[in-house]
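Here's the structure we're looking at; comments come further down.
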Amino acid sequence: MTDDDTPGSDPDDGDPPRDGPGSPPEGGRPDTTPTVTCARCDNTWVLDYELDELRVGNRALERFALDHRRHTGHLPDGVTPWLVDCKQCPDEDAFLSAEPARRWARTHARHTRHEVQVVSPEGDPELVDRE
């Protein structure tokens, strides 16, 4: 080490420098917490609450987007859901991927004997018949 005893200041001490481009952030790990923006709300959110408090893991973006829709009536930028809508009762839901949407539709149709429409983000509808 050099006379100033600053870690990373001596290239021979084994510690990487802690300043300059490409340096690791404090703690040595990059911040990979996802962020979401909404132009209509003119806001950006860091999803640390969904990850740390709600512990929803990989579903943090889905959870935030669907909660945002419930509370504001619209989705954040770049998010288009799969929509499921029962043709006989007011039951409906939204999902960010196909399999949960189709599973919800099949389950609802099976238990209620209602027809359920599933609409992809591209707008293509499919009907799940009652069984």
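The values are calculated or read from the model by the stated rules, or taken from the named source; none is laboratory data. In this text, all values refer to a predicted model and were calculated from it rather than measured experimentally. So basically every Cβ, Gly included, is an ideal-geometry build from the backbone, and we count neighbours across all protein chains shown.
Some values worked out for this structure:
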item: Test: residue in segment 46-53 that is crowded, with 16+ Cβ neighbours inside 10 Å and either part of a loop (DSSP other than H, G, I, E, B) or among the hydrophobic types (A, V, I, L, M, F, W, C) (or both); result: yes
item: ALA39 being at pLDDT 90 or above, in contact with a strand residue (DSSP E or B) (Cβ under 8 Å, 6 or more places away or on another chain), among the small types (Gly, Ala, Ser) and closer than 19 Å to PRO81 by Cβ; result: no
item: Subset of segment 67-81 [touching a His at 6+ places or on another chain (Cβ under 9 Å) and farther than 17 Å from PRO34 by Cβ]; result: HIS74
item: Residue ranges of strands (runs of 3 or more DSSP E) in segment 60-131 with at least 1 members exposed (fewer than 13 other Cβ atoms within 10 Å of the Cβ) and at pLDDT 95 or above; result: 125-128
item: Scope segment 102-111; condition over 10 Å from CYS86 (Cα atoms) and in contact with a Lys or Arg (Cβ under 9 Å, 6 or more places away or on another chain); matching residues; result: ARG110
